[in-house]
Amino acid sequence: MGFDQYHEPPEELPPSTRTFARMCASLTEEAEAIGWYEQRLAVEQDADARAIMSDAQGEEFKHFAMDLEYLLRRTPKWREIARGVLFQDGDIVEHGEAAEAAAGEGDADTPAFGAAQSPDGSLGIGSLKGASL
Ligand SMILES: [Fe+2]
């Protein structure tokens, strides 16, 4: 098991920040797997093997999307910027610049993750129970 997702001593990080780091690492791993399957599919000639790899890549798309949604639900500024960029027609860079400007600087003293937590400490979102990761 790797612990290299931490760049600060883990014991000094609050649980929510460790969760954030784990989910960012998971998001990265899913994106890497998508890229690996894309490369395998580009060179594989066997139709049955290609079908299996394509199915597996679809699983990774799902995993990536679930990881991203988890992070966006708990990171309002990230969600706001993503909302301005994702699923928009037109120039991606222009949308990104506009979304970043609209999101403003935010509160630099507060970690972005978990800002949407309820006072009771719950994250106030639906369960991901039963979802395969
Ligand atoms: Fe996966």
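The values are calculated or read from the model by the stated rules, or taken from the named source; none is laboratory data. All values derive from a computational prediction rather than experimental measurement. Here the Cβ is made from the backbone with ideal geometry for all residues, glycine too, and neighbour counts use every protein chain on show. Surface accessibility is based on the protein's heavy atoms, side chains included, excluding ligands, DNA and RNA. Shrake-Rupley method; radii C 1.70, N 1.55, O 1.52, S 1.80 Å.
Rounded, prolate or oblate: which one fits the range 14-62, using the alpha carbon gyration tensor with axes a ≥ b ≥ c (rounded when a/c is under 1.5, else prolate when a/b beats b/c, else oblate)? Note, shape of the range 14-62 comes out prolate.
Remark: the range 4-21, residue by residue, has Karplus-estimated 3J(HN,Hα) of 6, 6, 8, 10, 10, x, x, 5, 8, 8, x, x, 5, 6, 5, 4, 4, 5 Hz, where x stands for each Gly or Pro and the curve is 6.51 cos²θ - 1.76 cosθ + 1.60 at θ = phi - 60°.
Between residue 18 and residue 48, the simple label model (points 7 Å from Cα in the Cβ direction) yields a spacing of 4.5 nm. Please state the shape class of the range 1-89: rounded when a/c is under 1.5, otherwise prolate if a/b exceeds b/c and oblate if not, all from the C-alpha gyration tensor. It comes out oblate by the Cα gyration axes.
When the solvent-accessible area of the range 1-75 is split by element, carbon and sulfur atoms take up 55 percent of it, the probe being 1.4 Å.
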